Structure formats: structure tokens, C-alpha cells
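Participant: Next up is a structure, given as C-alpha cells.
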Amino acid sequence: MSDTHGLKILSTLTDDERLIVELAEESLPPPQGHEIVIRVEAAPINPSDLGLLFGPADVANADYGDGRIVAQMPDGARRAMAARVGQAMPVGNEGAGTVIAAGDSAQAQALLGKRVACVPGGMFAQYRIVDARTVMPLPDEASAEQGASAFVNPLTALGFVETMRRDGHSAIVHTAAASNLGQMLVRIAREDGVPLVNIVRNPAQVALLKGVGAEHVIDSSSETFGEDLRVALRATGATLAFDAIGGGTLVGQILHAMEQVASEGQDYSRYGSNSAKSAYIYGALDTGPTILNRSFGFSWNVGGWLLFPFLQSAAPEVAERMRARVRDSLTTTFASGYKAHISLKDALTRDAVLTYNARRTGEKYLLVPNG
């Protein structure tokens, strides 16, 4: 069995605060034991991938060459990212493809010729060696495109519901809700009977979510946003929010509205209501400061939420139940749609970078490394 040769994308932060993103050749040795070699056919470009790929680099004014980008990072980036300076880091959390070689273990051999999905990192590549015990074999009728986003968004959306139950809440508020993840959450909430308040940024996104069955959709650009949000909170009783935006005032606005609803009909207290209000920030569409106006009493909590720490903290049976649900409903509840397909060669061109790095809600892009 000979080595497998291909290309992959690497991102390197230099000591002088430049970011170099480039296509690099690699040679993968024959797989051993439980290892398999996947010919990567589809990999979604998730916000978490963009954070590693470009971070806060000035890609608009970068130097674009043939399969290579050199961009300036803002002042202080080297200190904030000191641990990655000088490291050529592979990119791409998840993806799907066909197993073309396998080690000698029975589990690895059984996957030869099968299409699988996985989340090992480094999937912005033509080929990837992974552990056969960590992949999800796709149904025979499922394409690589359908299986490419089988991990991050589906398990995140399910994780929100599990966190809601764990923390003693009964309904959810979700921001940037027109995303692929947001649409999955709408379907999960409908199936599980979980009241859900969806916050979006324009009327077109309101129409999109109404079209997939969402009941409560609030447009944050509307002059009536505050009252619309309070109406939805009264209807659902939501006291838990998951925020994909991060920066700005929206988290504070949500907590303020929750406090207003909780205080209705109650005696005045200078400490606010006793209603436990929580917000988890899980994204950074806005990389600026999170601004809290502190107008929501003292019974509140704001924290961060990430998928992999959540899975590590969840009971094994919970994590397996979540994965099984994704496998069973891959092309329905957990289906993803993509704005466009981008080849590995085109992924580092200026037009492509400025398009997919814009991180517009509802516009998800799919990398096809061997396309």
C-alpha cells in the first residue's frame, strides 16, 4: 500500500503579526490498526473554522498569491494568540468522504469503500487519516454533502436543549436564528415541544423561519423589537438564551426583557425579580465587547458555551443518544443547505475569501476539496 498524496490548507501566525494561509502538499502514510484514509468530498466552512483560518486578520487588504494569502493581524494579536505563533495549523473541523484505505483492524476494514462523516479537525484537505472508531458511517442513500455537517451544528442544537433541561429552564431564546443551526433548532423544538423564541436581523429572515415552522420570530431591526420580544417571552416563559453574536448589546437587551416580564405583577424589589435568567454566548459574529447594561436585577448569569466541553461533561448515554438521533434524521431534521460550493484551489482567492468570511447569517459555504 503506497502513500497518499494531496493538498491541505494551513494557517500560520508569524512572530511579526502576519497571518499566512496557504495550500500545502502532504503525503499520508499507509493507515495502521484502526486508522482509515478518507478522500474528503465535502467540508462545511463553519464560523469556528473561520476563527482559526483567518481570525481578525485584515483579509480585505491582504496579499493574494497562487494558493497563498499573507494578511496583517491587528495590534496585540500575537499576544492574544501566543500559543499558535509559528505553528502551521490545519483547518476544518468536520466533513465527509469515502474511505479509500484502511488499517488491519476489523472495524477499519469494514469501512473500506464506505462514505463516512467525522469531526477530527484538518478537514480542509483532499485526504485525511482518522480513527475508524470515531467516524459516523452514512446511510447508503446519503451524499457526502448531506453528511458533511453531521456533527457541529446538529450536536450544538441538541446540546442547547439538553443544557436547557439540565439547568432547569423550559424554553429558549436563540439569536442569529436564521442560520443552518437555527433552522435545525426550530425543527428540534417543534419535534420536542420546546417553546423557542428566534431573534433575526431583517424581515427576510423572519419569513424564512416562518416558512420552516417557527412560531415566535422577532426582528431585532424593528422599531417594536423590545415589545415584540416581551410578548414572545410572556408566551413562552423563556429564561434561557443562546447567543451567536457575542459583541454588542443584544444579550443585555434579552436579559432586560426577561426581567421586565418576570417583574410584571410583582412587588417592587431593589434587587430585581427572583427569576433565574441565563445567557450563553457560543459565537462571535461580532468580535467587539459584550455590553451589559445591568438593568435586569441580580438573578442572572452570562457564560460561554462550546460543543466539545459540553459533550465531555455530558453522560455517555446522553452523548450517544444525541449522535443516534442525528444519524436517524440526517436528511430531515438535521439537513443543511449551502449557498455555494468552493473548490480547494479557489478557497484562497480574494473573491471567495471575502464572500465566505463575511459570515452572513443563513449563508453557509461548502468546501469540496476534490472537486
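The values are calculated or read from the model by the stated rules, or taken from the named source; none is laboratory data. Keep in mind it's a predicted model, so treat the numbers as computed, not measured. All Cβ positions, even for glycine, are placed from backbone atoms using ideal geometry, and neighbour counts span all protein chains on display. Side chains included, ligands, DNA and RNA excluded: accessible areas come from the protein's heavy atoms. Shrake-Rupley method; radii C 1.70, N 1.55, O 1.52, S 1.80 Å.
Participant: If Phe160 passes every condition in (1) of a type outside the set (Asp, Glu); (2) open to solvent by 40 Å² or more (accessible area, probe 1.4 Å); (3) outside any loop (DSSP other than H, G, I, E, B) but one, which one does it miss?
Facilitator: If we test Phe160 against (1) of a type outside the set (Asp, Glu); (2) open to solvent by 40 Å² or more (accessible area, probe 1.4 Å); (3) outside any loop (DSSP other than H, G, I, E, B), just (2) comes out false.
Participant: Return only the number of the condition from (1) outside any helix (DSSP H, G or I); (2) crowded, with 24+ Cβ neighbours inside 10 Å that Ser170 does not satisfy.
Facilitator: (2)
Participant: Can you find, within region 226-249, the residue that is most open to solvent (accessible area, probe 1.4 Å) among those that are free of Cβ contacts under 8 Å to residues at least 40 places away in the same chain and more than 21 Å from Ala189 (Cα to Cα)?
Facilitator: Result: Glu227.
Participant: Then there's this: Restricting the search to region 30-86, which residues are open to solvent by less than 10 Å² (accessible area, probe 1.4 Å) and in a strand (DSSP E or B)?
Facilitator: If the condition is that a residue be open to solvent by less than 10 Å² (accessible area, probe 1.4 Å) and in a strand (DSSP E or B), then Ile36, Val37, Ile38, Val40, Ala42, Ala43, Pro44, Ile69, Ala71 are the ones that fit.
Participant: So Ile291 fits all but one of (1) touching a Pro at 6+ places or on another chain (Cβ under 7 Å); (2) modelled with pLDDT of 95 or more; (3) open to solvent by 30 Å² or more (accessible area, probe 1.4 Å); what number is the exception?
Facilitator: For Ile291, the failing item is (1).
Participant: Let me ask something additional. Inside region 192-206, can you point out the residues that are under 20 Å from Thr249 (Cα atoms) and in a loop (DSSP other than H, G, I, E, B)?
Facilitator: Across region 192-206, the qualifying residues are Arg201, Asn202.
Participant: I've got another one for you. Residues that are assigned to a helix (DSSP H, G or I) and of a type in the set (Ser, Thr, Tyr): does region 221-237 have at least one?
Facilitator: Pass one, region 221-237, residues assigned to a helix (DSSP H, G or I): 225-236.
The next check asks that each one be of a type in the set (Ser, Thr, Tyr); those that pass are 236.
Taking every residue of region 221-237 in turn, at least one turns out to be assigned to a helix (DSSP H, G or I) and of a type in the set (Ser, Thr, Tyr).
Participant: Inspect region 100-114 for any residue being within 27 Å of Lys364 (Cα to Cα) and under 21 Å from the mean Cα position of the chain (by Cα) and give the result as yes or no. Spell out how you get there, then give the answer.
Facilitator: Here is the first cut: in region 100-114, the residues within 27 Å of Lys364 (Cα to Cα) are 114.
Filter once more, keeping what is under 21 Å from the mean Cα position of the chain (by Cα): none.
Checking region 100-114: not a single residue is within 27 Å of Lys364 (Cα to Cα) and under 21 Å from the mean Cα position of the chain (by Cα).
Participant: If Leu209 passes every condition in (1) open to solvent by less than 60 Å² (accessible area, probe 1.4 Å); (2) in a strand (DSSP E or B) but one, which one does it miss?
Facilitator: Leu209 satisfies all of (1) open to solvent by less than 60 Å² (accessible area, probe 1.4 Å); (2) in a strand (DSSP E or B) except (2).
Participant: Just to check your reading of the model, which residue among Ile342, Ile291, Ile281 is touching a residue at least 12 places away in the same chain (Cβ under 8 Å), under 18 Å from Glu94 (Cβ atoms) and within 24 Å of the chain's Cα centre (by Cα)?
Facilitator: Values: Ile291 fails: under 18 Å from Glu94 (Cβ atoms); Ile281 fails: under 18 Å from Glu94 (Cβ atoms).
Of Ile342, Ile291, Ile281, the one residue that is touching a residue at least 12 places away in the same chain (Cβ under 8 Å), under 18 Å from Glu94 (Cβ atoms) and within 24 Å of the chain's Cα centre (by Cα) is Ile342.
Participant: Of all residues in region 137-157 being polar (S, T, N, Q) and assigned to a loop (DSSP other than H, G, I, E, B), which is surrounded by the fewest Cβ atoms within 10 Å (Cβ to Cβ)? Give the derivation first.
Facilitator: In the first step, residues of region 137-157 are kept if they are polar (S, T, N, Q); the result is 143, 146, 149, 153, 156.
So of that shortlist, the ones also assigned to a loop (DSSP other than H, G, I, E, B) come out as 143, 149.
Numbers: Ser143: 13, Ser149: 30.
Restricting to residues being polar (S, T, N, Q) and assigned to a loop (DSSP other than H, G, I, E, B), the top hit is Ser143.
Participant: Oh, and also: Would you confirm whether or not region 184-194 contains a residue that is within 20 Å of Ile245 (Cβ to Cβ), under 14 Å from the mean Cα position of the chain (by Cα) and of a type in the set (A, V, I, L, M)?
Facilitator: Yes, that holds for at least one residue.
Participant: Same structure again: Give me the residue from region 320-367 that is over 23 Å from Thr287 (Cβ atoms), hydroxyl-bearing (Ser, Thr, Tyr) and touching a strand residue (DSSP E or B) at 6+ places or on another chain (Cβ under 9 Å) and, out of that set, surrounded by the fewest Cβ atoms within 10 Å (Cβ to Cβ).
Facilitator: This residue is Ser343.
Participant: Please find, within region 212-225, the residue that is nearest to Glu363 (Cα to Cα) out of those that are charged (D, E, K, R) and surrounded by 15 or more Cβ atoms within 10 Å (Cβ to Cβ). Lay out the reasoning, then the answer.
Facilitator: Going through region 212-225, the residues charged (D, E, K, R) turn out to be 215, 219, 223.
Restricting the remaining residues to those that are surrounded by 15 or more Cβ atoms within 10 Å (Cβ to Cβ) gives 215, 219.
On the way: Glu215: 22, Asp219: 18 Å.
Per the stated criteria, the residue is Asp219.
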